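In what follows, a single structure is set out as structure tokens and then discussed.
The values are calculated or read from the model by the stated rules, or taken from the named source; none is laboratory data. This structure is a prediction, so every number in the text was calculated from the model and none was measured. Positions of Cβ are generated from backbone atoms using ideal geometry, with glycine treated the same way; all protein chains shown enter the neighbour counts. Surface areas here come from the heavy atoms of the whole protein model, side chains and all, with no ligands, DNA or RNA. Shrake-Rupley method; radii C 1.70, N 1.55, O 1.52, S 1.80 Å.
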Amino acid sequence: MTAHPLPQDRAPMRRYPDQWERYSLRERIVQWIWLGGIAIAAAWSVSALDIEWAFFADAHEQAADLISRMWPPRWSYLPRIVQPLIETLHIATLGTMIAIVFALPVAFLAARNTTYNQATWLIGRAMLVLSRSINTVIWGLLFVAIFGPGPVAGICAVAARSIGFIAKLVAEAIEEVDAGQIEAVESTGASTLQVYGVAILPQILPVLIGTSIYRWDINVRESSVLGFVGAGGIGLLLYASINQFAWSQAIVILIAILGIVIISEALSAYVRSRIV
Amino acid sequence: MTTAAAAYPTRWRAPSIFGSPGRRLAFWALVAAYLVWSLSTLNVDTARILAGLPRAWTILARMVPPDFGRWELLLTGMVESVQIAIAATIIGAVLSIPIGIAASANLSPRPLYLLARGFIVTGRTFHEVIIAIFFVKLFGFGPVAGLLTLAFSSAIFLGKMLAEDIENMKPGPVEAIRATGASFGQTFFYAVVPQVLVKTLGVLIYRLDSNLRHSTVIGIVGAGGIGQTLSASFSRYDFDFASAILLTIAVMVAFGEWFSDWARRRLR
């Protein structure tokens, strides 16, 4: 038996190169194409923005000026902002409460397994998109035009934006619900409403509560600026202080906002960790 | 016989999340008390709300049909918003890398870690519109202020997510690369980056999507984009043009969301 030198014998040598390469040539080309694409997008965006570079020259002076005007904070202003701060929290809480009430039916409409037909599913989805794609502040503009300035417009704005947010996450939870429980309840001859209440609602309840608390936390932050468009809350005073160049007053408001947002975030994180 | 019947009730009730009926009652009493308190302090003027309802109808009626006549103005504002969003995401992504490294407990020294975490907490607190006011003050009215605002908040958001990914990565590869005597840069590129890259890219795409949403509002305080046009059209009672802008924003944001979902699915 003579060992024939087969041409394949050399092939394994070629498959293991001496030098370790992290990416193949093809991977590297793809990476460079991606980087090139991002560079082009960045260049297009920045160049077309028509940047006035002169503004950058004195920005540090402006910043130093701003800080010197802000310091020391005018703490005597603090009692005046307590009421607006409470109003801000009310706007966030009431808006979230209203949103929960409306989000539940919208979520059932927008989930594939509980909607009636293609048309109702589309209506549900359209409501989600419309509610979510318009920012809370823009909703605020709209409701100020309708109800006039004040916290009512703010509450409506917060609710309008939150409905889509809560309903979207709840609809996703409904779609992932355990079908066995639905069948079990259906087999007892339960009506559709009973199936929703007994088989689906308990399964999605943690998601509904968790999402609502998370959204409430976001809404505290959002309602701090609703006053800029006249929709109530602390933003009204912040905007007024800035327009009057009362920077030592503005810093007090900013510190107060920092405080309530951090507290609400901590509270939200604590409650969610208890539930989910 | 009677005791057995009592032990197995004929009517079943779903178990309550509150545990006991007393707690359920207490919960709803609290909710009711809160509603009474908040509504009484808010000074809700019912007469004005009732007056608002017919006005709402008038405004809605004037919003239909939307007026796309000034589409050039609309397009300019929209393109500016998209440009702000893209540029801010890219700048924010670059800035987020040092922030993310500094804010991860397993890579950075303790004082730097605390400093970075404090910076992230403070920065995340303030709404984009508040940050925009400051950049408008520093850099004047226009898209630059908007670009810097979103770049700033993106850097903080992405930095926070990156730090969390770095903290959750497997320590094995880092130790293995360190054992070869690699420098910090080599450890980062060969042990950390491969572990966090895909997730970070997903977050980046998500942030592009949310920057697109935010770029539509920062114009309200003069930081460029479509928000400026929208706010002006509302203050001039130009409701048919405003509804055209709102519809365009909705379509744009829906498209951005769809793109973000699609791109993130491809990444996995």
Largest-first principal axis extents, alpha carbons of segment B:161-268, Å: 68, 28, 17
Drop in accessible area of at least 50 Å² in the complex versus isolated chain, residues of segment A:119-154, 1.4 Å probe: A:R132, A:S133, A:N135, A:I138, A:L141, A:L142, A:A145, A:I146, A:F147, A:V152
Residue among A:V30, A:V144, A:V252 with the largest mean-square fluctuation in a Gaussian network model of chain A, springs linking Cα atoms under 10 Å: A:V30
List of segment B:85-111 residues, accessible area with partners at least 20 Å² below that of the chain alone (1.4 Å probe): B:I86, B:A87, B:I90
Average Cα contact separation per residue, chain A, under 8 Å, 6 or more apart, as relative contact order %: 23 percent
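What number, in percent, do you get for the relative contact order of segment B:66-171 if the mean sequence gap of Cα pairs under 8 Å and at least 6 apart is divided by its residue count? Before the final figure, lay out the partial values.
Working: 111 pairs, mean separation 45.4, N = 106.
This gives 43 percent for segment B:66-171.
Suppose R0 equals 22 Å; then what is the FRET efficiency for A:L78 and A:R274 from their Cβ-Cβ distance, rounded to the nearest 0.05? Could you put the intermediate results ahead of the total?
Details: r = 32 Å, r/R0 = 1.47.
After rounding to 0.05, the efficiency reads 0.10.
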Heavy atoms of B:K170 accessible to a 1.4 Å probe, total area in Å² rounded to 10: 140 Å²
Cα gyration tensor shape of the protein assembly as shown, rounded if a/c is under 1.5, else prolate or oblate by comparing a/b with b/c: oblate
Mean projection area, nm², convex hull over Cα of segment B:50-101: 6.7 nm²
HN-Hα J in Hz across segment A:87-92 - Karplus 6.51, -1.76, 1.60, θ = phi - 60°, x for Gly and Pro: 4, 4, 5, 4, 4, 5
Probe 1.4 Å, accessible area per residue of segment A:159-222, Å²: 42 Å²
16 Å Cα-Cα reach of B:K160 towards aspartates and glutamates, excluding residues that sit fewer than 8 places from it in its own chain: A:E265
Cα-centre dipole for segment B:17-120 with unit charges at Cβ (Lys and Arg positive, Asp and Glu negative), debye to 20: 480 debye
Most fluctuating residue given options B:L50, B:L147, B:L246, as computed from a GNM of chain B linking Cα atoms under 10 Å: B:L50
Virtual spin-label span in nm between B:L25 and B:T41, 7 Å along Cα→Cβ: 2.8 nm
Helical mean residue ellipticity (222 nm; -39500 (n - 2.57) per DSSP H run of 4+; nearest 500) of the protein assembly as shown: -25000 deg cm²/dmol
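Where the only charges are on Cβ atoms (+1 Lys, Arg; -1 Asp, Glu), what is the dipole of the protein assembly as shown about its Cα centre, to the nearest 20 debye?
Dipole size: approximately 880 debye.
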Accessible-area ranking of A:W71, B:W28, A:W44, A:W139, largest first, probe 1.4 Å: A:W71, B:W28, A:W44, A:W139
Summed buried accessible area for A+B [probe radius 1.4 Å, Å², rounded to 100]: 5500 Å²
J(HN,Hα) series, segment A:200-212, from Karplus relation 6.51 cos²θ - 1.76 cosθ + 1.60, nearest Hz, glycine and proline x: 9, 4, x, 6, 9, 4, x, 5, 4, 5, x, 4, 5
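Given Cα pairs under 8 Å that are at least 6 residues apart, what percent is the relative contact order of chain B?
Details: 288 pairs, mean separation 67.4, N = 268.
This gives 25 percent for chain B.
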Top of B:T229, B:T200, B:T180 by mean-square fluctuation, Gaussian network on chain B, Cα under 10 Å: B:T180
Zone of A:Q181's modelled label, taken as backbone nitrogen in segment A:202-221 under 12 Å from a point 7 Å along Cα→Cβ: A:202-208
Carbon + sulfur, % of accessible area of the protein assembly as shown - ligands and nucleic acids excluded, 1.4 Å: 68 percent
Prolate/oblate/rounded call for chain B, Cα gyration tensor, a/c under 1.5 rounded: oblate
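Once the Cβ-Cβ distance between A:L267 and A:L25 is put in as r, and R0 is 45 Å, what FRET efficiency do you end up with, to the nearest 0.05?
It comes out at approximately 0.25.
Under 1.5 on a/c is rounded, so check that first for segment B:223-263, then, if it is not, pick prolate when a/b is larger than b/c and oblate when it is not; a ≥ b ≥ c are the square roots of the alpha carbon gyration tensor eigenvalues.
oblate
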Inter-label distance, nm, simple model (7 Å from Cα along the C-beta direction), A:A41/B:V198: 2.0 nm
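At 20 °C and 1.002 mPa s, grab the translational diffusion coefficient of segment A:35-117 from Stokes-Einstein with a Kirkwood Rh over Cα pairs, rounded to a whole number in µm² per second.
Details: Rh = 19.4 Å.
Using the Kirkwood radius from Cα pairs, D works out to 110 µm²/s.
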Taking the C-alpha atoms of chain A, convex hull volume expressed per residue in Å³: 323 Å³
Note, ³J(HN,Hα) from phi for segment A:125-132, Karplus 6.51, -1.76, 1.60, rounded to Hz, x at Gly and Pro: 4, 4, 5, 4, 5, 5, 5, 7
Dipole moment magnitude, nearest 20 debye, segment A:102-225 about Cα centre, only Lys, Arg, Asp, Glu C-beta charged: 500 debye
Cut-off 16 Å (backbone N to label point 7 Å along Cα→Cβ of B:L112), residues of segment B:166-199: B:166-167, B:183-189, B:192-193
Hypothetical label at A:I209: residues of segment B:20-46 whose amide nitrogen lies under 17 Å (7 Å Cα-Cβ projection): B:20-32
